[in-house]
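The values are calculated or read from the model by the stated rules, or taken from the named source; none is laboratory data. These figures come from a predicted structure and were not determined experimentally. All Cβ positions, glycine included, derive from the backbone under ideal geometry; neighbour counts span all protein chains shown. Side chains are part of the model used for accessible areas, which takes the heavy atoms of the whole protein and leaves out ligands, DNA and RNA. Shrake-Rupley method; radii C 1.70, N 1.55, O 1.52, S 1.80 Å.
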Amino acid sequence: MPQSYSQRVHFYYCILVALKINAKTRKPAGVRGKNNFLLKWLRNAQNNTIFHPDITSEIEWLRGKIISSGPDADLEPMLQYVYDTAKRAETLRLGS
């Protein structure tokens, strides 16, 4: 459990950076394109096991959230919020 905040912060940092890179390098595809990218990115992250096994449930939850929210729901603000919250929790845990 002590590393779970660090792992979560790292995971959400990576997904937010991937979204920014995708937005800069691809033609604008709107929210639907962003969601398609996220679903593919999450599937690749899960299939390639590039993150700690504790993050698997986070990946599955996010994929379900994207699918259940519909193709026109912009989830980037939620991703940023989760990242910020996990980062604050990690900082508090470390006492910095």
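Details
- Compared with the dominant Cα axis of the chain, that is its longest principal axis, helix 76-94 is turned about 10°.
- Under Karplus coefficients 6.51, -1.76 and 1.60, residue-wise ³J(HN,Hα) of segment 60-72 in Hz, glycine/proline x: 4, 4, 5, 4, x, 5, 5, 5, 6, 7, x, x, 9
- Summing +1 for each Lys or Arg and -1 for each Asp or Glu among the other residues whose beta-carbon sits under 15 angstrom from that of VAL9 gives 0.
- Exposure of ARG32 as accessible area (Å², to 10), given a probe of 1.4 Å and all protein chains: 130 Å²
- For the chain, the longest principal axis of the C-alpha atoms and the axis of helix 4-25 are separated by about 30°.
- LYS65-ARG26 pseudo-label distance in nm [points 7 Å out on the Cα-to-Cβ vector]: 1.9 nm
- In the assembled protein chains, GLU60 presents an accessible area of approximately 100 Å² (probe radius 1.4 Å).
- Pairs of lysine residues in the chain - Cα separation under 22 Å, sequence separation of 8 or more or cross-chain: 10
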